[in-house]
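Comments concern the structure below.
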Amino acid sequence: MMRGRNFSGNYTNPCLTMHQPWASLLVHGIKRVEGRSWPAPIRGRLWIHAASKVPDEATIKAMEDFYREIYAVNGITDLKFPEYYPVSRLLGCVEVVGCVRGEELAHWNMVPEGVRLEGLTDFCWLCEQPQKLLIPFEMRGYQRVYNLEKKIYEAAIRGLISVEGPLPVKFPLPNLQDPFSLKPGSVSTQFFGSKASDVEESSSLGAAIAGARAAATQFTKKDENLPIVTQNSKPNAAKTGPIKRKSLRVDSMTYTNISDNKSSLPSNNEEKSTDNKYEGSSSCNQPAASLERHPGAPSKIFTAALRGLKPS
C-alpha cells in the first residue's frame, strides 16, 4: 500500500487549512468526508490545520445537530464532540483514500447511510484513520494544499495519537490492487440508472441538513487573515499578508485529554481570497493565555511536551 505517495502535485507532507469547527471534527473522526469545490490532489496522509476565524455559537449548534442526526440514521445517539476548538493550530492528520462527486456518494450503497448524507458539496474527499496531536501547536495557514515545513513535520509526527471515531468507515476501493483508483467518476458506472438510496428523512434530519448548508455558506467571503500561496508551492516561497493572532487556552486537559470533545460542526465551507479561491475552515476557540509565535517552528510548549514523548 503506497499510502504515503503523492497522487499528483509536488507534495511531501501535504497540509490543508480548514475553518473550525470542521477541522477538529475531521481530526476527531466525527467528520468522515471533507467537501470541496475541487477534487483532492493527493492520496495518503493529509495534515489538518485550523485557521484563525472563530465560529459563532449558532454555527457550532447547527453542525452539532447535523452530526447528531446523520449518526442517528445508523443508530448512534451518544456523540462526544470536541470541548474546544483551537485556532491557528496544527491539529493532526487523516488519510485521504479517494475522492468522489457528491452525487456519487449519495448513491453509494456500500457505505453507511450517515456517510452518504455528508456529501453536501461538489467533491467529497474520503478520509480514514484520523490522528490528533496531543498538543496542537501554533503555525500559519495557506491556501489550498501546501507542504508542511520539514521541522514542523518532524516535531508533529512524534506527537500523534490515533483516534477512534463513533463509526469509523473503510471506504471500498473499486480496485483493491490500486488504493488510488477511487477518483471522481470512478464509481459512477456502478450506479447508472439507479436512484439515490432511500434514507428516511425526518423533519429533524431535514432541518439539520439545511442548517449545515446554511452554516457552510457563511464562509463564502474573503479571508484577509491568511497569506496567499500557490498550490504545490512551499510556504517559505509565498507572498504573505498580515496574520491575525488568536489566543488559545492551554491547560492540563490539552495534554491529557484523549477523548472527543463537546461542540462541533461537519461538512465544509468555502472561503474566497483575493487571488485564488480558498476553501477550508476557520477557527473557533475560547480566548485565554496567548502563546508566543515562533515563525517556522513549533511553539515552545509543544517542544517542551515532546521531551517526554518517544518518537513513534
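The values are calculated or read from the model by the stated rules, or taken from the named source; none is laboratory data. The model shown is predicted, which means the values in this text are computed figures rather than measured ones. Neighbour counts are summed over all protein chains in view; Cβ atoms, including those assigned to glycine, are modelled from backbone coordinates with ideal geometry. Each accessible area value is taken on the protein alone, full model and side chains, heavy atoms only, with ligands, DNA and RNA left out. Shrake-Rupley method; radii C 1.70, N 1.55, O 1.52, S 1.80 Å.
Annotations
- Test result for V111, part of a strand (DSSP E or B) and among the β-branched types (V, I, T): no
- Qualifying residues in region 177-211 (those that are among the acidic types (D, E) and modelled with pLDDT of 70 or more) - the one most open to solvent (accessible area, probe 1.4 Å): E201
- Scanning region 55-76 for residues that are crowded, with 18+ Cβ neighbours inside 10 Å and part of a loop (DSSP other than H, G, I, E, B) turns up P55, V73.
- Selected residue [closer than 19 Å to G44 by Cα and without any contact (Cβ under 8 Å) to a residue 60 or more places away in the chain] from K170, K132: K170
- The one condition in (1) open to solvent by less than 30 Å² (accessible area, probe 1.4 Å); (2) assigned to a loop (DSSP other than H, G, I, E, B); (3) not basic (K, R) that A156 fails to fulfil: (2)
- Within region 51-78, the residues that satisfy the criterion of being over 19 Å from S202 (Cα atoms) and at pLDDT 90 or above are A51, S52, K53.
- For region 87-121, filtering for residues that are within 16 Å of the chain's Cα centre (by Cα), open to solvent by 10 Å² or more (accessible area, probe 1.4 Å) and at pLDDT below 95 leaves 3.
Every residue, every condition in (1) under 18 Å from L182 (Cβ atoms); (2) open to solvent by less than 10 Å² (accessible area, probe 1.4 Å); (3) at pLDDT below 95, yes or no:
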residue: R3; (1), (2), (3): yes, no, yes
residue: N10; (1), (2), (3): no, no, yes
residue: T17; (1), (2), (3): no, yes, no
residue: H28; (1), (2), (3): no, no, no
residue: V33; (1), (2), (3): yes, yes, no
residue: R43; (1), (2), (3): yes, yes, yes
residue: L46; (1), (2), (3): yes, yes, no
